[in-house]
Structures are given as C-alpha cells and as structure tokens.
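Notes follow once the structure below has been shown.
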Amino acid sequence: MTSRLKFLALLAGALNGVALAQQTAAAAADCTATSFAIPSWLVYDFQSVSSTASSSFRVLNRATNTTAELTCQRATNNQGWSTCSAKNGGGEGLAASVQLLNSTTARVLLNETWSCSDVKPHKNRILFTAVGNYSIALTCSSSPPTCKSTSTGPALIQASLLSPVKITPAYLDGPPGHDNPGCTASSKTPAWELGNTQYNHRTIYDPQGEPVGVQTQIFLQTINNATGHISACVGPLTNASVPHPLICTVQEPIRQRKDVYQSTSSVYFTPHTLVVSVNETWFCDDLDPTAPVSITATSTATLPLSCQTFNRSEIESAPEIVTFCTGPDEPFSWGGTFLSQAPLPPYALRDPVPSLDSCTISSVLSLAAWRLSDFETVSSPGNDSFKFSIDFLTSVGANVSSVTEFPAMVNQTGSSVNVSSNEWVPCKPFGYDAEPDVPRNCSFRWDEGSKFLSVDAEWWCADLDKEHPVRFTSVANTLIPDVSCVTEGTTTRCTTPAGKPWVASVGPTSWTA
C-alpha cells in the first residue's frame, strides 16, 4: 500500500484539472463489492499525438460501469504532467493526469470519488474514493507522429482505497488453472481423468436371510485436463438402477474471499452400470487476460472399477454382504463434448470479481449481526458466573453465513451478573495472538431485571487483506428471549433453551485499518 500511496502527493500537484466522467450505464449490480475488493479502472485506446501536443484515452470504472473519454493537453511545466478533461462533460468525480516518460512509456494517474447504492436494505449511498497509477507501454510511428498503447486490450489500473476505509486490497488469483498454458485450446476437446475413487455397496440381512437394509456410498474425484483442477464428489445411492446426483466441491487452497467466477461440477453416478456423467464449467485466460472466457462441457464414461465382494455371515444378529470397489491402478481418462464458451469482462480472472458475501462490507454497512446462544447466569453469594456463546454473521448476499466456524464462548466468573451501575464487564477469554478472530475482544453489560444484554465488541475482517485486517467496533443491544430461572436455596440459575440461538444486530460501526 505504501508504494502506491506515494503518488498521493504527486497527484495533489499534478491533477489541477478535474475530468468529468460521463455516465454510460447504471451502476453495476455488484458496485459495492467490487469497490471494496477490486477498486480499479480499465484504460482503453491510449494515444499521444506530437503535432497537437495532446493525449487521449477512455477510462472505465469497473465498479460503477462509468466511462470517461479524456483528452490531455501537454503541459510546459509541472514536470511534464498533462491534466485531462472529459470531452462531453458529465458528472464530476474523476481526476486524471498523464506524463510521457519517454517515447515508449506513458504514466497515467487517476483519483476518483464515486457512490454505490446496490446493497439492500442499506438505504444510503456509500461514497468511495480511490487512487491508482499505471505505466503504459507505447509503440510510436513517424507518419503521422503518434504513439499508441502497445497492447490491443485495455490496461488495468489497480487502486488503493482512501475511503470509506483506507486500504489496498490484496490482489488474488482467479479460479484454479485459469492461466494454465493451453487451457483455452485443450478445452475445445475436453477430457477428464479419474482420481481417487471408492464405491461401497452393503446389504444387511436378518437371521432368516431376508434383506432388511441397503447402504451404498461413493467417493470419486474427477480431474479436468484443461485446468488440472480436482472435483471431489460424494453421495449416498438409494437406487442402483438410476443416476444419482453427487455433491461436488472443487479442491483448491482456502481463498481469502469468494469470487463470482468459480468452477462448478454437476456429477451423476449410476451404481448398476458404474456410469458417471459430468457437466462442468471452468474458466481460461491463458491467451489474453483481457479476454477471459467461461467454458462448459459434458461427458459420460463407464468407470473401470475393481470390485471385491465379502459375505460377512459371521455376524449372527445381522449378516451382510459388502461389495467394495476402487479405481484402476493405471490412469483412466475419457473425452467429452464441448457445449459452449462465453466471454467475461477484461481481467475478471486475473483480478477476480468478488461475491457480495463479505465480512468488511457487512461491517461497514452495519448489516452484520451477532448470533448468541447458550446464555446462562448463576447468582450465588460470593460465586456469581455469566456465560454465553457468540459468533458473527454476514447478512450480505443470498444467504446469511457465519464468518467463524464455531461460536466463541464468553465465560465470566466472580463478577456480578446484575450490574446496576451500568459498568461494562470484560469478556473472557478473548485476545488470542493467532489469526484474527471474530470477535477479537468484547465487554458486556447485563440487567437482570429487564433481561437486557449489551455487547461492546471488536472484530477483525481480513477478506480484503489478510496481512492488514480492518478492525471494527460496535455495540449490540438485545433482549434475551425465553429466559427461565430456577432458585434453589441461595442460588439462582437463569438459562435460555439449549440449541436455540437468536440474532442481535450490530449498531453503527467504527473502524481502523
């Protein structure tokens, strides 16, 4: 982030004119997610003409789908920087400047403020400001004396966010195998290889020899020859004669944030014939990152499984016959049928477009929530205790999801459970020194009479940059539902029903990066 933000001081002096961006389309449906995760611009058709001492190019904001057609008159001072203006006017927000470093390179600096309003139910427009720069390789001709961008595709200018959070998002790679040499070409004749495979069929009999139960399960891996990615599929099989859909996941390293473009596999398996059917979509940009494509193909093959059958009649209570099958010792490959190829936006795989499900987006927009459960207080002279479980939910996207794999437990002993003085009690245990946790730290305030709990929590979001997480703080206030109390002697124990969580929305958040 530091190296790219060094240009801020230079921008302040160089960008004396403001280029007005012309709206060419409505803001993109994923404006907010794109603004946070990949703030950036595409620069098209850059050229510099010596006879007019000017440069021109088009700029597309990838978040807003807003285009500006710019002309830049060459300056006689200011270290050779040329300020730019839009040809046809439009809404203000974009400042641009160009410097011709030599006959083969031009540097473009951009600073833009824009807004997004695509996330619901958030009611207000969100303002973003970002800054970025890029050096464009030029090819010059003498007649007429003109220098143009060497690349036929657009240049990508990746930006640093200045607001609403000051951060340079980490640049991630796209889906597995997208830039493998030959990915696009080999996808025209798709093929798969069988990976680790196990198939089990178990028939259980009663002591009289009548079948009383069947258990059938398969695990198989398919390897896409174009990308090399592995799809691991599992599933129960209830009818031997019909194709069964399997649940498949693409095996890849844990990704810092979810992408819109993810390889997917739809796999069916028929036990009686050992036939597997695959319908798969994957992505390639090995020929040109400015022209990525999605590819869909299908295939069918009879798997050459090696099977053994065991008659386990020694089990007197429920004898069984088990058939156990594995894949062949030698590699097994089969071809498929190419179905379709569709173009994607430039750099959609090299600088992957994110999905909406994001810890940072939910936190900035106050759309996140705490999920609480297992609430318990014990009030006893000299031995009070208080505990509850808490984990963090993002409410952006089609499905509410938890950032944490399991809830954190707050277990406070030796403190009053009815803090009438409005004193905040620190949560324990928190403050681990490993990966950022959600929540990282917290304190709580509890009123036994009203059954009202307030949680002042800090959490970290690392979906934009794992090495530099954004720290958030907010207060959630919630009425504890379904509290029941039992008093025995001098001890009162109050609890919520086991396994019945409830959700407390976070209030306005504050953050530091």
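Things to note:
- For the pair T203 and C307 in one chain, pulling the backbone fully straight at 0.36 nm per residue adds 35.9 nm over the alpha carbon distance.
- Projected label distance in nm at A498 and L172, using a 7 Å step from Cα toward the beta-carbon: 3.8 nm
- Solvent exposure ordering (accessible area, 1.4 Å, most first) of T309, T105: T309, T105
- Computed accessible area, D285, all protein chains, 1.4 angstrom probe, square angstrom: 0 Å²
- Size descriptor, Kirkwood hydrodynamic radius, that averages inverse alpha-carbon separations across region 124-228, Å: 21.1 Å
- Full-stretch length increase - T104, T264 - with 0.36 nm per residue and alpha-carbon distance subtracted: 53.3 nm
- Here region 318-395 and region 434-503 have alpha carbon centers that stand 22 Å from each other.
- H244 long-range amide H proximity, modeled H, under 5 Å: F269, T270
- Label point distance in nm, T273-N477, each placed 7 Å from Cα along Cα→Cβ: 6.5 nm
- Extending 7 Å from the Cα toward the beta-carbon at both T512 and T491 defines two label points whose distance is 4.3 nm.
- Largest-first ordering by accessible area, 1.4 Å probe, given options E330, E458, E69, E210: E330, E210, E69, E458
- Solvent-accessible area of C248, all protein chains in place: 30 Å² (probe radius 1.4 Å, heavy atoms, ligands and nucleic acids excluded).
- Gap separating the Cα centres of region 117-162 and region 196-242, nearest whole Å: 51 Å
- Placing unit charges on the Cβ atoms only, positive for Lys and Arg and negative for Asp and Glu, gives region 158-213 a dipole magnitude near 320 debye about its Cα centre.
- Per-residue SASA entry for F219, accessible area with 1.4 Å probe, Å² rounded to 10: 70 Å²
The values are calculated or read from the model by the stated rules, or taken from the named source; none is laboratory data. All values reported here derive from a predicted model rather than from experimental measurement. No Cβ is skipped: glycine too gets one built from the backbone with ideal geometry, and neighbour counts run over all protein chains shown. These area figures cover heavy atoms from the full protein model, side chains too; ligands, DNA and RNA do not enter into them. Shrake-Rupley method; radii C 1.70, N 1.55, O 1.52, S 1.80 Å.
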